[in-house]
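Student: Let me begin by handing over the structure; questions about it come next.
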Amino acid sequence: MRIPRIFSAEPLAGKSEVQLDEAASRHLVKVLRLGPGRPLVLFDGAGGEYQAEILEAGKKARVTLGDYTAEDRQSPLAITLAIGISRGDRFDWVIQKATELGVQAFQPLFTERCEVKLTGDRLQKKLGQWQQIAISACEQSARNRVPQVLPPVKLPQFLDAAEQDLDGGGTLKLVLHHRTEETLGNLEQHYGRPQAAVLLVGPEGGLSAEEIALALGRGFHALRLGPRVLRTETAPVAALSVLQFQWGDF
């Protein structure tokens, strides 16, 4: 049987006993039907993981920590995915798959063609939901560092911050644009191997011409992924796979 991996919101240290929260306990006891003596792996998002064993199964399960492994399985290419918020479960799917593909941070965006309206309590609830999806994807994919899902901002605000904070330092800033002729191979010839990348993707309907022009004016480079137009949930998965193959750990 596959040994389950569980995220702990509380910092883990040494060989000690830990009480899991109700959600993790319910997953172990009610869903996986695991009881005392069963092995599992715990991680707290700081890197590394602990072998563990269930001591007591209940509403808040108790486990004992064993040997520690320092492996965090982070890609050498630090990728931030900035993407327009899409409708339905498309955005949830992107967060799940992009986490599996090694993204280290998510920046949800409100863009001209974004049809999702989020404010107040609904925004906070959705932000918590997205972060939990990233945590669950880390549990499944054996990642030990959880990518942060940042609060949504408007595209111009993100671009202003990206121009100030991410300029230089080996960071390559890319905006997907199916009408450009620029390819990843061309960019590597001109700019070399980056240490980090920011990938900007639009929502359904893509980014407007004005938004793309604004991104290009802030130091982003247009990138084309072949001759076909990809959906908002397909484009980041394809682009991330190419980036990880070219400069990451694929």
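The values are calculated or read from the model by the stated rules, or taken from the named source; none is laboratory data. Quick caveat, the model's predicted, so the values are computed rather than measured. Neighbour counts are summed over all protein chains in view; Cβ atoms, including those assigned to glycine, are modelled from backbone coordinates with ideal geometry. In case anyone asks, the SASA skips ligands and DNA or RNA and just uses the protein heavy atoms, side chains included. Shrake-Rupley method; radii C 1.70, N 1.55, O 1.52, S 1.80 Å.
Student: For residues in the stretch 53-111 being farther than 19 Å from residue 143 by Cα, hydroxyl-bearing (Ser, Thr, Tyr) and buried (at least 18 other Cβ atoms within 10 Å of the Cβ), which is modelled with the lowest pLDDT?
Tutor: Applying the filter and picking the extreme gives 86.
Student: How many residues are within 14 Å of residue 99 (Cα to Cα), without any contact (Cβ under 8 Å) to a residue 60 or more places away in the chain and among the β-branched types (Val, Ile, Thr) if we restrict to the stretch 130-161?
Tutor: Total satisfying the criteria: 2.
Student: Under 7 Å between Cβ atoms, at least 6 apart or on separate chains: pull out the pairs that start in the stretch 221-248 with a residue that is farther than 17 Å from residue 205 by Cβ and at pLDDT 95 or above and end on any residue that is assigned to a helix (DSSP H, G or I) and among the charged types (D, E, K, R).
Tutor: 237/97
Student: Okay, moving on. Scan the stretch 121-139 and give yes if some residue there is assigned to a loop (DSSP other than H, G, I, E, B) and out of contact with any Cys (no Cβ under 7 Å at 6 or more places or on another chain), otherwise no.
Tutor: No, every residue in the stretch 121-139 fails to be assigned to a loop (DSSP other than H, G, I, E, B) and out of contact with any Cys (no Cβ under 7 Å at 6 or more places or on another chain).
Student: Need a quick list: strands (runs of 3 or more DSSP E) entirely within the stretch 2-119 having at least 3 residues that are in contact (Cβ under 8 Å) with a residue 24 or more places away in the chain and over 14 Å from the mean Cα position of the chain (by Cα).
Tutor: Working: elements: 5-7, 17-19, 39-43, 49-56, 62-69, 78-84, 105-110.
Counting at least 3 such residues, we get 5-7, 17-19, 39-43, 49-56, 62-69.
Student: So is residue 227 of a type outside the set (Lys, Arg), open to solvent by 70 Å² or more (accessible area, probe 1.4 Å) and assigned to a loop (DSSP other than H, G, I, E, B) or not?
Tutor: Taking the combined requirement at face value, the residue satisfies it.
Student: Out of (1) under 25 Å from residue 148 (Cα atoms); (2) in contact with a helix residue (DSSP H, G or I) (Cβ under 8 Å, 6 or more places away or on another chain); (3) surrounded by 14 or more Cβ atoms within 10 Å (Cβ to Cβ), the odd one out for residue 50 is which?
Tutor: (2)
Student: Could I ask something else about it? Of everything in the stretch 185-212, what is modelled with pLDDT of 85 or more, surrounded by 14 or more Cβ atoms within 10 Å (Cβ to Cβ) and over 18 Å from residue 83 (Cβ atoms)? Give them in sequence order.
Tutor: If the condition is that a residue be modelled with pLDDT of 85 or more, surrounded by 14 or more Cβ atoms within 10 Å (Cβ to Cβ) and over 18 Å from residue 83 (Cβ atoms), then 194 is the only one that fits.
Residue by residue, here is whether (1) at pLDDT 95 or above; (2) surrounded by fewer than 22 Cβ atoms within 10 Å (Cβ to Cβ) holds:
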{"site": "141", "(1), (2)": "yes, yes"}
{"site": "149", "(1), (2)": "yes, no"}
{"site": "154", "(1), (2)": "yes, yes"}
{"site": "162", "(1), (2)": "no, yes"}
{"site": "165", "(1), (2)": "no, yes"}
{"site": "168", "(1), (2)": "no, yes"}
{"site": "172", "(1), (2)": "no, no"}
{"site": "180", "(1), (2)": "no, yes"}
{"site": "183", "(1), (2)": "no, yes"}
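Student: Filter the stretch 180-203 for residues that are of a type in the set (Gly, Ala, Ser) and in contact (Cβ under 8 Å) with a residue 40 or more places away in the chain; which is farthest from residue 226 (Cα to Cα)?
Tutor: Going through the qualifying residues, I end up with 196.
Student: Take the residues in the stretch 20-44 that are closer than 19 Å to residue 137 by Cα, of a type outside the set (D, E, K, R) and touching a Pro at 6+ places or on another chain (Cβ under 9 Å); name whichever of them is most open to solvent (accessible area, probe 1.4 Å).
Tutor: For the stretch 20-44, the residue satisfying everything is 27.
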